[in-house]
Amino acid sequence: MKTTLPAPGPDALGMSAVQEDPGRFRVLTGDRPTGRLHLGHYFGTLHNRVRLQNLGVETYVIIADYQVLTDRDVADNLTGYVEELVLDYLAIGVDPARSTIFAHSAVPALNQLLLPFLSLVSTAELGRNPTVKDEIARSRQSSVSGLMFTYPVHQAADILFCKANLVPVGQDQLPHLELTRTIARRFNDRYGAGTAVFPQPRALLSDAPLLLGTDGTKMSKSRGNAITLAAGADETARLIKGAKTDSERHITYDPATRPEVSSLLLLAALCQNRTPRQVAAGIGSGGAAALKRTVTDAVNEYLAPIRARRAQYARDRAYLRDVLREGNDRARAVADTTLAEVRAAMNSHY
Ligand code: TRP
């Protein structure tokens, strides 16, 4: 069963609003460490992060290593997954001197916010979260853990510990962001004594349309249809060669009737900074084989410098750990300040 996700709502922002005044925003965003990031992540949110950072927006990037405890397989190999994620971040241009990369398990004061936040939401509200419902349905586990049910509240702590007011997320994360706004509002109403302790953060929606995986469904690691940033040029060629297309020789961009062909055109277009129609016109009646050659070349060319940087950082594990240690330290200082404010607001200063 596919539950319906809420529409973005009037509070969502686009990139142009940020460009006008980058100094007004503090961004928090991040990922679960579940394996290598892929092109769907990249064009969906990752490259926006780098753009935000480069615009001078203060940016925090969270590695949600407690959130993945809902998934047993990942939990058994956390260190490896966390390091892979840091590598992907560095490779795409997240700069640890300007952006704070950290793991939420390393920031005690962030996690302590979970407790007052839990008091502000009802179990009925938690039970209605469409993204959590979907995850429960897909997990095929015989029972649902308390963490699965409450991780969106933890995510509110991820966002609010640094008082972020802008969160670049995909559509599936909108219910969590809505809950974060609710928690911020209720906390302020209940404890703020007329002042806002927390901002009500807004979503920053990506302008990139959804990329399909090689089987024509949403690109996702768990479906085995994804091209990762770290994949080699040959592996990329093989994956794209096996991608689903259709039997129409003339290549046209028509997402409604030719979703697979159109998604491949879109991928090449994103890599080449062209429109999908321009890419289609260049292929004409060359058929699926020519389309796949074009896409393979575009992806491999685009990813070459990213992959080279990734390989270079992968040889320096000590540096990866330094990046995380420094990020964790910075996040801890921010979280301590916020928690002190929260305790003062709640009159729990003893
Ligand atoms: N739930 C997010 C995901 O699955 C990861 C995440 C955890 C996150 N905490 C966050 C994203 C805070 C944005 C803000 O991708």
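Some notes on this structure:
- Set 105, 122, 99: member being more than 27 Å from residue 43 (Cα to Cα) and surrounded by 13 or more Cβ atoms within 10 Å (Cβ to Cβ): 105
- Here residue 120 meets the list (1) part of a loop (DSSP other than H, G, I, E, B); (2) closer than 30 Å to residue 230 by Cα almost entirely, failing just condition (2).
- Restricting the stretch 12-30 to residues that are more than 12 Å from the ligand (Cβ to nearest atom) and either in contact with an Asp or Glu (Cβ under 6 Å, 6 or more places away or on another chain) or among the β-branched types (Val, Ile, Thr) (or both) leaves a set whose member that is modelled with the lowest pLDDT is 18.
- Number of positions in the stretch 137-161 that are open to solvent by 30 Å² or more (accessible area, probe 1.4 Å), within 22 Å of residue 30 (Cβ to Cβ) and of a type in the set (A, V, I, L, M, F, W, C): 2
- Subset of the stretch 31-44 [under 10 Å from the mean Cα position of the chain (by Cα), within 11 Å of the ligand (Cβ to nearest atom) and open to solvent by less than 30 Å² (accessible area, probe 1.4 Å)]: 31, 37, 44
- Cross-chain or 6+ apart pairs with Cβ under 6 Å, the stretch 98-110 first and outside the structural domain of residue 60 (by TED's automatic domain parsing) and away from the ligand (no atom under 14 Å from the Cβ), then open to solvent by 10 Å² or more (accessible area, probe 1.4 Å) and of a type outside the set (Val, Ile, Thr): none
- Counting the residues of the stretch 123-161 that are part of a loop (DSSP other than H, G, I, E, B) and farther than 13 Å from residue 180 by Cα gives 7.
- Qualifying residue in the stretch 228-235 (condition: in contact with a helix residue (DSSP H, G or I) (Cβ under 6 Å, 6 or more places away or on another chain) and of a type in the set (Val, Ile, Thr)): no
- Selection from the stretch 269-282 of residues that are small (Gly, Ala, Ser) and either under 16 Å from residue 210 (Cβ atoms) or touching a Gly at 6+ places or on another chain (Cβ under 7 Å) (or both): 269
- Any hit, the stretch 311-333, residues being outside the structural domain of residue 38 (by TED's automatic domain parsing), within 27 Å of the chain's Cα centre (by Cα) and β-branched (Val, Ile, Thr): no
- Here residue 59 meets the list (1) open to solvent by less than 10 Å² (accessible area, probe 1.4 Å); (2) under 21 Å from residue 197 (Cα atoms); (3) away from the ligand (no atom under 13 Å from the Cβ); (4) not small (Gly, Ala, Ser) almost entirely, failing just condition (3).
- Top-ranked residue of the stretch 62-89 - restricted to ones that are farther than 15 Å from residue 325 by Cα and more than 16 Å from the ligand (Cβ to nearest atom), ranked as modelled with the highest pLDDT: 80
- Breaking point among (1) open to solvent by less than 40 Å² (accessible area, probe 1.4 Å); (2) under 28 Å from residue 27 (Cβ atoms), for residue 127: (2)
- Residue within the stretch 175-186 that is in contact (Cβ under 8 Å) with a residue 12 or more places away in the chain and in contact with a Phe, Trp or Tyr (Cβ under 6 Å, 6 or more places away or on another chain) present: yes
The values are calculated or read from the model by the stated rules, or taken from the named source; none is laboratory data. Because the structure is predicted, anything quoted here is derived from the model rather than measured. Virtual Cβ from ideal backbone geometry, glycine too; neighbours counted across all protein chains shown. Each accessible area value is taken on the protein alone, full model and side chains, heavy atoms only, with ligands, DNA and RNA left out. Shrake-Rupley method; radii C 1.70, N 1.55, O 1.52, S 1.80 Å.
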